[in-house]
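Take a look at the structure set out below.
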Amino acid sequence: MPVHSPALLDPPRASATPSPGQKKKSGKSGKRRKDPLWARLTVVLGAVLMMTSGVAIVGSKAVISQATGNISQRNLLDEAGKSQAEGGGDLDGPIDMLLLGVDARERWDADDVRADSIIVLHIPATHDQAYLISIPRDTEARIPAFEKTGYPGGVGKINSAFQAGARNGGGWEGGAQLMAKTIKGMTGVSFDGAAIINFGGFKGVIDALGSVRICVKQEVESIHMSYVDGKPMWNADAKKTGKPRTPVVHKKGCREMKGWAALDYSRQRYGLKGGDYDRQANQQQLIKAMAKKATKNGTLTNPVKLNEMIKAAGKAFILDTGGVPVEDFVFTMRGVTGNELIMLKTNGGTYQTQGNGNEALDEQTLDMFRALRQDKLAEFVFYNPQVISSRD
């Protein structure tokens, strides 16, 4: 029998599934808090839209369309998109999105990029909750053949699927398509939409917010960046200066971080006790911190800040809404209110290594994806509260 947390006293009901730790309020005196989670999600996707104090959209779908017009839209899913039989194109049901983080830098070839952050975003049909599930980058996967780039198919780490799809002219679009196809084969999950997040461009989104509050759980020295004359620089660029370098160290504790620091921290895995699993938690934490900041500092109600955010988002994201107009896709999310993003752990947050050094998804994780496909993720989380990440 699993151990239940004190806040979870009754199993969720199909008609009104409570989130973990949420207490039901009854009567007219118990007003439900209206956090604009739909807006938080669109911050993550780069579609930061016109709102009043987080409750309602300002303007029509035409205004939304104009606001999101600078976000590049591509076919990122191809055959991994939901079919009509699976509810594809019908936003009344559950919504599943694939979020891919790529660490692209100017000195790297455009087709030599791996997706080091792989996150599945699930919104149940009730549209009152959202879950983030990270897939470990070293998970061994059967990567299918990809005719567009001449890739014959094979077995390898899942993050290499993006690289195999991007090579030989496939580009990031091909990389996302092959990644989505690989994940569908592994988990059975088809997607309503997808987004590629360029971590370098993400810095601009954070800078538009001013900073984000991050709580560092364990001190870690950056393997990517150093200070030169007090200025943070990539190590490769810092070496070229010939000047003394001081390591960037992210010390334990909570603080406001600028874009470069937050992104550098979220990239670290060497030196962390849990390696890539701690990095997954840190990346989920960053997304949640950005979402919180956007809804608390007036960004969504300040036209100047909002414009800066939208411009930055346009540089950071490539979006696919599965053939549904962006304005319809985002407008549907407006009803997702009242709850935080719930961050979930795969493999119990620890390595599940195989003999060859790659990882495999454990039975509990496969059960979690099965519950996602059946839109019973809240019930699964209720009975398996240990999968909830405690990172704030």
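Computed values, structure above
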{"item": "Net dipole in debye of the stretch 120-191 [+1 Lys, Arg Cβ; -1 Asp, Glu Cβ; about Cα centre; nearest 20]", "result": "200 debye"}
{"item": "Potential lengthening between residue 252 and residue 229 on full extension [0.36 nm per residue; Cα-Cα distance subtracted]", "result": "5.9 nm"}
{"item": "Among the listed pairs 217/345; 252/311; 217/311; 292/345; 231/273, those beyond 26 Å (Cα-Cα)", "result": "252/311; 217/311; 231/273"}
{"item": "Gyration tensor (alpha-carbon) shape descriptor, the stretch 85-230, a/c threshold 1.5", "result": "oblate"}
{"item": "In Å², nearest 10: area of residue 250 left accessible to a 1.4 Å probe", "result": "10 Å²"}
{"item": "Accessible surface of the stretch 145-215 [probe 1.4 Å, protein heavy atoms]: carbon and sulfur percent", "result": "49 percent"}
{"item": "Protection-proxy order for peptides 262-268, 154-160, each taking the mean of Cβ atoms within 10 Å per residue, highest first", "result": "262-268, 154-160"}
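The values are calculated or read from the model by the stated rules, or taken from the named source; none is laboratory data. Please read all numbers here as calculations on a predicted model, not as lab measurements. Positions of Cβ are backbone-derived with ideal geometry, glycine not excepted, and every protein chain shown enters the neighbour counts. In case anyone asks, the SASA skips ligands and DNA or RNA and just uses the protein heavy atoms, side chains included. Shrake-Rupley method; radii C 1.70, N 1.55, O 1.52, S 1.80 Å.
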